[in-house]
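Every number here is computed from the coordinates shown, using simple stated rules; none is lab data. These figures come from a predicted structure and were not determined experimentally. Backbone-built Cβ (ideal geometry, glycine too); neighbour counts: all protein chains shown.
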Amino acid sequence: MPEIAYLDNNDTTKMLPEVLEAMLPYFGEKYGNPASLHDLGLEAENAVNASRETIAKALGVRADELIFTSCATEANNLALIGAARARSKRGNHIMTSSIEHSSVINVMKYLGDNGFQLEILPVDHEGFVNPDDVKTRIRPDTILVSIVHANHEIGTIQDIKAIGDICRQRDVWFHTDAAQSFCKEPLDVGNLPVDLVSLNAHKLHGPKGVGALYIRKGVRIKRLMEGAFQEKNLRPGTENVPGVIGFAKAVELVSRDVQEQRSKMRALRDRLIDGLLAIPKSKLNGPTADRRLCNNVDVLFRYIEGEAILMHLNIRGIAVSSGSACSSKTLEPSPVLTAIGLKHEESHGSIRFSLSRFTTEREIDYTIEQTGQVVETLRAMSAFVPERDET
Amino acid sequence: MALQYTQKVLEHFKNPQNVGELDQADAIATEGSPACGDMITFSLKIDPETHVIEDIRFKSYGCASNIATASIATVLSKGRTIEQIKSMNPKQIVDELGGLPAIKMHCAILAVNGLKAAIHEWEIKQGLVEQEKVELSPKTIRHQLEKVINPQTGAPIVNTMLKDVQVDDGKVYLELTLAGTDDAFATNIMNEITEALGEMKCVKQVMIRFMESKKSVITEFNQDC
């Protein structure tokens, strides 16, 4: 038995040792503030700018189009509120999808409660936004559309090129949250019709506490915090220098072999999907093949509850997450699973397994075997006897 | 969110006691529903002379604490009389487990209500009590809502959140206050109330309103009377 099978990489990832090594001097002797004029400050400023170059290169964009934030949530807040406020004279209609991460949907709802007209686009049973829906719902007063690149729960990869093209034709700013896809799926921002892209470090083997926002040249958003002039006057506050260094180091290391790692993760992902679907009364949530994020698996097991599955797997050294209401803070089932049409009792039995470049075939096979046993144990004691058996 | 379960909860979750169904049960009752993700079925053998619960089994659909509370409930019930169980308090289950997170308190209520429902069914079958006709009144509604728990505090909503109950020809109007509870829990509380009242006869409509927020919900029922 492997010591632990960490399959919660859509939540967070293990930091690479090289990343920690690159960060350490900036916690120690290289403690300068990039805003200072002396040599110690200059050293920090140069390091931050070199980091910006590294990440910009991986995205195919200019370094001055990238600003650092504390996380992807902050990048989403800055992008959406900053863009809406900047364009409020032009119109107040904004759109997003029903399967966004809470750091997008809750920000959009906040805007909707504060003077903007929010429209939430539906998705199909695999979680896809139909670009035609975007086209028919854009109005003369539409100013902003935000659609996630790859969904955090069921791995749906949206056609952001098609959606972005429509937005561009109508001069609507288009934001995408790429926290899950960056350095896993191709993301050639320089050649995509996107205006704002949110990123973070800790989902790609970098440190927690640092993210970034890409802002296309010419797109001028409002800042949310008052303070000094850091980050192009958009994000006041001294930069998290060690975090930024770690973010860039992680991008440098993982962007080298994105294609190769993607193929490897996909193969293991599909091995896991096949193994889990061989368990009776199970069903895959979300799409398959290249339309699904390479490291994401989400399966519903009927007639049993997700938190109990999760806890049993945890005892066996397997770390996963669940769409069940019992595992959520508000006791409500996952909004993403509800949006793709799952009934409450289907969401309750859904488990997400998310891989990394370090996941092994042995871990996958162990997980399949253990999950089969756990599901069987829980079903044998389940009080949920269906009136009519579903497949 | 990491769940802070006690060792005792984890023990009963890992090795639940008295799992299954009794072949020739004297009483069976199920509490909860699949939509809520919480369901327990108890089956009991009861001595008609002594009223002692001779054997008991449970089945569970739910989270780790649902399984653990059902398991401990069977352990506490075996060998006791139905009179003892009728005076059982959810707190006894919680204490026996060394505590439960506030958000999981409803599991203990579900377990106790399941046991009491099974016993009630047995008493009716034995002719010891009559199937009472529950009248729809603010008092009976408050009683029915005693099992709805505020997930943030772990306390029943009737004591703290429920401000007004009105009944008019099967239509139930409830007014609640969040009283410092996070607004994010409002939907869950409304769903739990609707589910609880949906079990009552004569209910045609339930309308729930929170004083502080825009959240309100109307659910139509067509319960027989």
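Things to note:
- Computed over region A:262-303: relative contact order in percent, which uses C-alpha pairs under 8 Å that are six or more apart: 47 percent
- For chain B: rounded, prolate or oblate by the Cα gyration tensor [a/c cutoff 1.5]: oblate
- Lysines whose Cα lies under 17 Å from that of A:K30, excluding same-chain neighbours fewer than 8 positions away: A:K249
- Structure remark: mean-square fluctuation, Gaussian network model of chain A, C-alpha springs under 10 Å; the largest value among A:H348, A:H93, A:H38 belongs to A:H38.
- Taking the centroid of alpha carbons for each part, region B:203-225 and region B:165-191 are 8 Å apart.
- Whichever lysines have a C-alpha closer than 22 Å to that of B:K214, once near sequence neighbours (fewer than 8 apart) are set aside: A:K109, A:K329, B:K163, B:K171
- Alpha-carbon centroids, region A:32-98 and region B:64-109: separation in whole Å: 53 Å
- Relative contact order computed over chain A (Cα-Cα under 8 Å; 6+ residues apart), in percent: 22 percent
- Between the amide H of A:S350 and those of A:F301, A:G306, A:G323, A:S324, distances stay under 5 Å, these residues lying 5 or more places away or on another chain, with hydrogens modeled in the peptide plane.
- Think of each Lys and Arg Cβ as +1 and each Asp and Glu Cβ as -1; about the Cα centre, that makes the dipole of region A:120-222 roughly 540 debye.
- Partner lysines whose Cα lies under 21 Å from the Cα of B:K86, excluding those fewer than 8 positions away in the same chain, are identified as B:K45, B:K59, B:K78, B:K116, B:K125, B:K133, B:K139, B:K147.
- Cα-based Kirkwood hydrodynamic radius, the protein assembly as shown, one decimal, Å: 26.7 Å
- Over chain B, Cα pairs under 8 Å with separation of 6+ residues give a relative contact order of 15 percent.
- Across q = 0.09 Å⁻¹, region A:17-256 modelled as identical point scatterers on its alpha-carbon atoms has Debye log10 I(q)/I(0) values of -0.37, in the order of the q list.
- Cα shape, region A:2-56, gyration tensor, a/c 1.5 rule: prolate
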